[in-house]
Structure formats: structure tokens, C-alpha cells
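**Q** One structure is given below, represented as C-alpha cells, and several questions about it will come after.
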Amino acid sequence: MPDHPDQGKAATAPVSRRGVLQGGAAIGAGLAVGLPSAADAGAPEAVPPAPVSPPANTLSPVVMQQVSFTINGQHQTLTLDARTTLLDMLREHLHLTGSKKGCDHGQCGACTVLSDGQRINSCLSLAVMHDGGEVTTIEGLAQPGPEGALHPMQAAFLEHDGFQCGYCTPGQICSAIGMVEEHRKGWPSWVTADLTDAHPSLTDLELRERMSGNICRCSAYPNIVAAIRDAEGKMPA
Ligand code: FES
Ligand code: FES
């Protein structure tokens, strides 16, 4: 009769992971001590490994390119790394930080600007693609000068409290201006029922769908919709 309930069960007890590791280390050490060295065994002396040279630099050299644009009515000429995005050019080179970098992947719309009147995600567009073009950012919407009037879309966002933190707001406003122009041209959207209708009505569903590329993390959507609807009728044709 065993004195302890576990006595006699050692052979069948489960082996712990720690036990296996400790056992393996002990066996390895024992083998290392017990094995004869290569010299002892008469084996040829090991050849030292050849020095490894660092890998060749496979990166392409930076290509700099001169680009000229009209930004917010002002002519600008810059020499840029050809890989610079339009958003980085605006923010880092021209210090126009109104356009925001949210996702940098075309998913949030915070970087929306107007390129030749059309809304685009500036994080997805290379600056060199806009050579000779015209770009308008949130900084260029109001009339110039200290007394310059706000763009009707800017005024409506203020009037209807179409923001909370404001991070998405420059993109929302630029996008809304571009969206109204698209709608005026009769461009259909994903929810336009009749694609032969040259002037689909700007219902709430249409408006929300057309603005769905602009995310507001504060969820100011009801006020944003109200602001756009108000401004739509005030924007010059
Ligand atoms: S920063 Fe360009 S879409 Fe988000
Ligand atoms: S107002 Fe804060 S993200 Fe839109």
C-alpha cells in the first residue's frame, strides 16, 4: 500500500513542458561533454566561413522632379521627390495644413481637396500628377483678404454646427462643394434609381451616399447634411 496517493503513479503521470525542456538541455549537455572533438576524431580542420559581404543596395535612387501648380490662386513651382503625395506636398512643403491626414489610405476623406474643380483624396495622388493643374484647399475657399467672405459651404457648416472636433471638416467642405457640382452635372450615384434622369433629385439618401467617402468620427452627420442642403442653393451656378 503506497504511503502517498501519488506514490506509484510516476510512470504514468503527465510530463510537463518544463520537464521536457530541462531533460533535453541535460541530455544535450551530456552529449556535448561526451563526444570527441573533430581533432580527436582525426577529421579535417573546419574551414572558417567566408566573410559575408553586405547586400548590394537595390533601392532606386531618388528621382527629383520640378512641378508647377496653381494652389489657391497662387502659382507655385517646387522640386520634389517624385513619390511625394499631393497631401504631403500641401502639408509639408507648402505648410497648408488645413487638409488633414486621417488614414493616408483613401478611406476617410479627411484629405479631400479640389483638383481642377473635382474632389479627390490628396493622399492617393502624387503631386507630380498635378503639374500645370489647379488645386484648391480649404484655405483657398474664402474670398481673399481679411474681410473675405466665407464660401457658402463654409458659412453653412458654421450656421448648422456641422462639426464637433473639426478634424474631418476641411475634407467634408471640399468634398461637399465637389459633390454639389457633380450633382449639378447630372452624375448619377450608386443609389440613383433612374440612370436616364439627367437631374436626379438630391434626396437625403443621395446626399449621404455621395458623401459616404467622408467619415466623421464625431458623427456630426445630421448637421453636415443640413449644412450641405442649405449651401447647395446658395452656391453660384
Ligand atoms: S487621409 Fe486621405 S482618405 Fe484618409
Ligand atoms: S467633426 Fe470630429 S471627425 Fe468630424
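What follows draws every value from the coordinates through simple rules; no lab data is involved. Bear in mind the structure is a predicted one, so any value in this text is a computation, not a measurement. No Cβ is skipped: glycine too gets one built from the backbone with ideal geometry, and neighbour counts run over all protein chains shown.
**Q** Starting at the first residue of the range 107-119, write each ³J(HN,Hα) from the Karplus equation 6.51 cos²θ - 1.76 cosθ + 1.60 with θ = phi - 60°, in whole Hz, x for Gly and Pro.
**A** 10, 10, x, 5, 9, 4, 9, 9, 10, 6, x, 9, 6
**Q** Another question, then. How far apart, in nanometres, would the label points at Arg184 and Thr79 be if each is projected 7 angstrom from Cα along the Cα-to-Cβ direction?
**A** With each label placed 7 Å out from Cα toward Cβ, I get 4.1 nm.
**Q** Just going by the charge dipole of the range 65-140, with Lys and Arg at +1 and Asp and Glu at -1 on Cβ, which of Gln74, Leu114, Gly98 is farthest out on the positive end?
**A** Gly98
**Q** I would also like to ask the following. How far apart, in nm, are the 7 Å Cα→Cβ label points at Arg229 and Gln164?
**A** 2.1 nm
**Q** Please arrange Ile224, Ile120, Ile215 by counting, for each residue, the other beta carbons lying within 10 Å of its beta carbon, fewest first.
**A** Fewest to most other Cβ atoms nearby, the residues stand as Ile215, Ile120, Ile224.
**Q** Using the beta-carbon distance between Val63 and Asp116 and R0 = 25 Å, what value does 1/(1 + (r/R0)^6) give for FRET efficiency, to the nearest 0.05?
**A** Efficiency, rounded to the nearest 0.05: 0.50.
**Q** Also, I was wondering about something else. Let's see if you can work this out: charge +1 on each Lys and Arg Cβ, -1 on each Asp and Glu Cβ, no other charges. What is the dipole magnitude of the range 152-232 about its Cα centre, in debye to the nearest 20?
**A** Dipole of the range 152-232, to the nearest 20 debye: 220 debye.
**Q** Another one. With charges only on Cβ, +1 for K and R and -1 for D and E, what is the dipole size of the range 65-140 about its Cα centre, in debye, rounded to 20?
**A** For this selection, approximately 200 debye.
**Q** If you add up the charges near Thr85, with Lys and Arg at +1 and Asp and Glu at -1, over every other residue whose beta carbon is less than 11 angstrom from its beta carbon, what do you get?
**A** -1
**Q** Same structure again: Among 146-155, 197-206, what's the highest-first ranking by average C-beta atoms within 10 angstrom per residue?
**A** Sorting 146-155, 197-206 by mean packing, highest first, produces 146-155, 197-206.
**Q** State to the nearest 20 debye the size of the charge dipole of the range 124-196 about its Cα centre, where the only charges are +1 on K and R beta carbons and -1 on D and E beta carbons.
**A** For the range 124-196, the charge dipole is close to 140 debye.
**Q** Pick out, in residue order, every one of the trypsin sites (Lys or Arg not before Pro) in the range 119-218 that is DSSP loop and has at most 15 other C-beta atoms within 10 Å; say none if there are none.
**A** Loop-located and lightly packed - Lys185, Arg217.
**Q** So, one more: Can you tell which of Pro152, Ala231, Gly213 lies farthest toward the positive end of the dipole of the range 152-232, using +1 and -1 charges on the Cβ of basic and acidic side chains (Lys, Arg; Asp, Glu)?
**A** Highest projection toward the positive end goes to Gly213.
**Q** In which sequence would Cys168, Cys103, Cys174, Cys108 go, from the one with the fewest C-beta neighbours within 10 Å to the one with the most?
**A** Going from sparsest to densest Cβ surroundings: Cys103, Cys108, Cys168, Cys174.
**Q** Across the range 64-74, in residue order, what do the Karplus-derived ³J(HN,Hα) couplings come to in whole Hz, using 6.51 cos²θ - 1.76 cosθ + 1.60 with θ = phi - 60° and x for Gly and Pro?
**A** These are the phi-based 3J(HN,Hα) values: 9, 9, 8, 9, 10, 9, 10, 10, 6, x, 10 Hz.
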